[in-house]
Amino acid sequence: MLARMKQMIIKEFHSGPARQADALYLIGPPIIQMLVFGYAATYEIHHVPTVVLDLDHSQESRELVSRFTSSPYFDVQRQLTNSRQLGV
């Protein structure tokens, strides 16, 4: 099976684009896209608007809220004191 696949690949390379310009049109765009999207596209999310409801008010919960506040990923808009302020 691998021998047949090898022969098919060799045949495709031999019957491929006759001109170098055709090869450039086939190979160029994927390489350009790979370079551009590799550096431009990111899945990091920064500055997500966030509302914090801390009903515990313990040392641990205040520390957690301060981590959210100081994080570049979240923008704490408001700190609520009771669940009625959620408006749900």
Let me confirm something: among Gln85, Gln79, which residue is surrounded by 11 or more Cβ atoms within 10 Å (Cβ to Cβ), in contact with a helix residue (DSSP H, G or I) (Cβ under 8 Å, 6 or more places away or on another chain) and either at positive phi or of a type outside the set (A, V, I, L, M, F, W, C) (or both)?
Gln79
Qualifying positions in segment 45-67 - open to solvent by 70 Å² or more (accessible area, probe 1.4 Å), within 26 Å of the chain's Cα centre (by Cα) and either free of Cβ contacts under 8 Å to residues at least 24 places away in the same chain or within 22 Å of Leu86 (Cα to Cα) (or both):
His47, Pro49, Val51, Leu64, Arg67
Just one listed residue, out of Ile27, Ile32, is aliphatic (A, V, I, L, M), surrounded by 10 or more Cβ atoms within 10 Å (Cβ to Cβ), in a helix (DSSP H, G or I) and modelled with pLDDT of 85 or more, and it is Ile32
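The values are calculated or read from the model by the stated rules, or taken from the named source; none is laboratory data. Keep in mind that what you see is a predicted model, and the values were worked out from it rather than measured. We place every Cβ from the backbone using ideal geometry, glycine too, and count neighbours over all the protein chains shown. We work out accessible area using only protein heavy atoms, side chains counted, and drop any ligands, DNA or RNA first. Shrake-Rupley method; radii C 1.70, N 1.55, O 1.52, S 1.80 Å.
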